[in-house]
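Trainee: Provided herewith is a single structure, encoded as structure tokens, for subsequent inquiry.
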Amino acid sequence: MDTKATCFVRLCRNPSASKSPISDQPLCEHHLQADLRRCENAEAAVADRIAHFRNYQRPLRLMQQRLASDMELLCDTFQDLRDSFEKCQAELTEAVNKHYEKMSESLATLAVVDELETEFRTAKNERNLRQAFLITENMDKSLESLELNSELVCMNEGKTEVTMAAFPDVNSMVRNLQMSFDMSLQLAQNLVKSLDIRASKSQSVPNTDAVPKQNNIQLSGTPSCLTVWNSTEGFALDGSGSIVGAKTATGGCKSRTKCVPQPGSEDIQIPQPATEVTETSQTTTKETQVSEIRQLPPKSILVAVDRSASEKNVVLVSFDSEEVGKVPGSWEQPIRDLHSDTKLQLLFIVQDLQLIIADMCGVEQSRVGVSDLQDDVQKLRCIAGDSDKLFILAERADGKPVIFGLSKKSNEVQLKLAVTGIDKAGARPRISVRDRMLFVDDGEKLHTVCSITGMLLASNSVQDKGKFDLNAELLRGNRNMAALVAQQVSSGFGTPYFGAAIKVPFNDDSVIEFSTDSRRCVAFDVANNSLRQRVFEI
Ligand SMILES: [Zn+2]
């Protein structure tokens, strides 16, 4: 150390004692002590902060271990799930296939008998008696050992009729499983994604007995029935609130005749902003008109309303519970049921004596009358549809219900089912369809009918459903809506659902809609001459 050096601090002439750790310059004893104290203080502050952050270490490590364990478990559990799904699929398919093989075998045997019979007739016609005798002998032997009775198809005791077994709706069970699986996973995902202990500290305790917001939607008439319109893409509303085809890439109304809801509004485009001057196509009378074009909500409900004794309309209600527009045109006779096909963009309107098929702009495409259905049909009651068929529940003159399946392409009757076990249609019957299974609600029972064999597979009393009463649960305000619906769907009542919209046929006309964020569930139903909406925050 250079003893001649003096303190580096200005105006201090004291000899230097040592170098400062802060400035690395020589300082006298007094100033050195001051710098050393500053160093100590800084060290202590840092040590405090280190200790503060060290507090995180254990919880972080524990949480990390927990998450690592969960990831490992998820991997294993999903693998188990895949394994059991595959095993389940293989076993179930094998069981169904066993029956299928038996039917095929019996049919093949019958085909051989048919062949022999033809040969026998030929021999007889050719007066080849020897040949005919040999064939008869051969047939006698093979018929003796022929056994066509099986678990699924069997001659009845009185040997008067070959009856079929009500082969269970196994597909529905798997579908319900998928549905409750989706719901459970959605719930788990929401729990994982929305978890934030910082937020929950400032929030009040969640209200566990929340009641769904219920309101009766004001309509320009008395509602009678409804259907969900799942995708309004390609359509808009004109100034008068009527649905019109919007000129977009996907095209608008696919009507054979042109959709002309208002004269002079043929060339409609969705403008930005919402006001545009459109020109009429007639160049000779070049007049301009202001027409306000509004966009439609992406999904909505179509509701048939009675405006007066002779004027029935179909109005458009958004999921925000507002009447936003209407299908152009009006009908004189009461509308009993509606069905809309989003892919074909067709609206099916059922009246007592006819089915009217219109495009979404209300332009009639075709109609089917009761006389086209024959079978002594007196009245059409309700409809349901899948991607290619429309099912009509009709009533015969003797009061017995009969179900018709029509091709949506040709209106051709492809199926007629008079279901043994369903003897009456009831005051307000409802029908729905999923995966070739029909669900008929006659007000007392919910029947499951196979649309291929026409067999009644199950009949559940409406009272039986007890705890699965969705309306009651909605009113009671069960917060765990997703779990509830999953439970209900998996309860074996075969609740049909179509994409995001779930139609619950046994409670009036409830339509359950899960919004895309899974935070909201909306139910619509027509009851006591009003359209009721219930919004449930999940
Ligand atoms: Zn000094």
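The values are calculated or read from the model by the stated rules, or taken from the named source; none is laboratory data. Model, not experiment: these values are computed from the prediction. Every residue, glycine as well, gets a Cβ built from its backbone with ideal geometry; the counts of neighbours run over all protein chains shown.
Trainee: Being within 9 Å of the ligand (Cβ to nearest atom) and in contact with a Ser or Thr (Cβ under 9 Å, 6 or more places away or on another chain) is the filter here, so list the residues in region 5-14 that pass it.
Mentor: Hits for region 5-14 are THR6, CYS7, PHE8, CYS12, ARG13, ASN14.
Trainee: Which is without any contact (Cβ under 8 Å) to a residue 24 or more places away in the chain and within 16 Å of the ligand (Cβ to nearest atom), of LYS98, LYS87, LYS19?
Mentor: Values: LYS98 fails: within 16 Å of the ligand (Cβ to nearest atom); LYS87 fails: within 16 Å of the ligand (Cβ to nearest atom).
Sole residue among the options that is without any contact (Cβ under 8 Å) to a residue 24 or more places away in the chain and within 16 Å of the ligand (Cβ to nearest atom): LYS19.
Trainee: Also: What do you reckon, is ALA304 of a type in the set (Gly, Ala, Ser), modelled with pLDDT of 50 or more and touching a Cys at 6+ places or on another chain (Cβ under 7 Å)?
Mentor: Numbers: of a type in the set (Gly, Ala, Ser): yes; modelled with pLDDT of 50 or more: yes; touching a Cys at 6+ places or on another chain (Cβ under 7 Å): yes.
So ALA304 fits the description; yes.
Trainee: Please go through region 20-50 and pick out each residue that is hydrophobic (A, V, I, L, M, F, W, C) and outside any helix (DSSP H, G or I).
Mentor: The initial filter retains those residues of region 20-50 that are hydrophobic (A, V, I, L, M, F, W, C), namely 22, 27-28, 32, 34, 36, 39, 42, 44-47, 50.
Correct list: ILE22, LEU27, CYS28.
Trainee: Ok, one more. Go through (1) aromatic (Phe, Trp, Tyr); (2) surrounded by 12 or more Cβ atoms within 10 Å (Cβ to Cβ); (3) within 30 Å of ASN171 (Cβ to Cβ) and name the single condition PHE78 misses.
Mentor: (2)
Trainee: Can you pull out the strands (runs of 3 or more DSSP E) entirely within region 282-396 that have at least 3 residues that are of a type in the set (A, V, I, L, M, F, W, C) and touching a residue at least 12 places away in the same chain (Cβ under 8 Å)?
Mentor: Details: elements: 288-292, 300-308, 311-318, 323-331, 337-341, 346-350, 354-359, 364-369, 377-385, 389-396.
Per the criteria, 300-308, 311-318, 323-331, 346-350, 354-359, 377-385, 389-396.
Trainee: Tell me whether region 261-281 contains one or more residues that are at pLDDT 85 or above and on the phi < 0 side of the Ramachandran plot. Explain how you work it out, then say what you get.
Mentor: Going residue by residue through region 261-281, those that are at pLDDT 85 or above are none.
Within region 261-281 (the criterion being at pLDDT 85 or above and on the phi < 0 side of the Ramachandran plot), the answer is no, since none of the residues qualifies.
Trainee: Here is a follow-up. Restricting to region 299-332, and then to whatever is more than 19 Å from ASN216 (Cα to Cα) and of a type in the set (S, T, N, Q), can you tell me which residue is surrounded by the most Cβ atoms within 10 Å (Cβ to Cβ)?
Mentor: Looking at residues that are more than 19 Å from ASN216 (Cα to Cα) and of a type in the set (S, T, N, Q), I get SER330.
Trainee: Here are the criteria: (1) away from the ligand (no atom under 16 Å from the Cβ); (2) touching a strand residue (DSSP E or B) at 6+ places or on another chain (Cβ under 9 Å); (3) of a type in the set (A, V, I, L, M). Tell me which single one LEU92 does not satisfy.
Mentor: The failed condition is (2).
Trainee: Continuing with this model, one more query. Condition first: away from the ligand (no atom under 16 Å from the Cβ), touching a Phe, Trp or Tyr at 6+ places or on another chain (Cβ under 9 Å) and more than 30 Å from GLN131 (Cβ to Cβ). Can you find one or more residues in region 45-61 that meet it? Give the steps one after another, and end with the answer.
Mentor: To start, the set of residues in region 45-61 that are away from the ligand (no atom under 16 Å from the Cβ) comprises 45-61.
Cutting the leftovers down to touching a Phe, Trp or Tyr at 6+ places or on another chain (Cβ under 9 Å) gives us none.
No, region 45-61 has no match at all.
Trainee: Now for a separate question. Looking at region 77-135, which of its residues are under 26 Å from LEU152 (Cα atoms) and over 40 Å from the mean Cα position of the chain (by Cα)?
Mentor: Result: ALA108, THR109, LEU110, ALA111, VAL112, VAL113, ASP114, GLU115.
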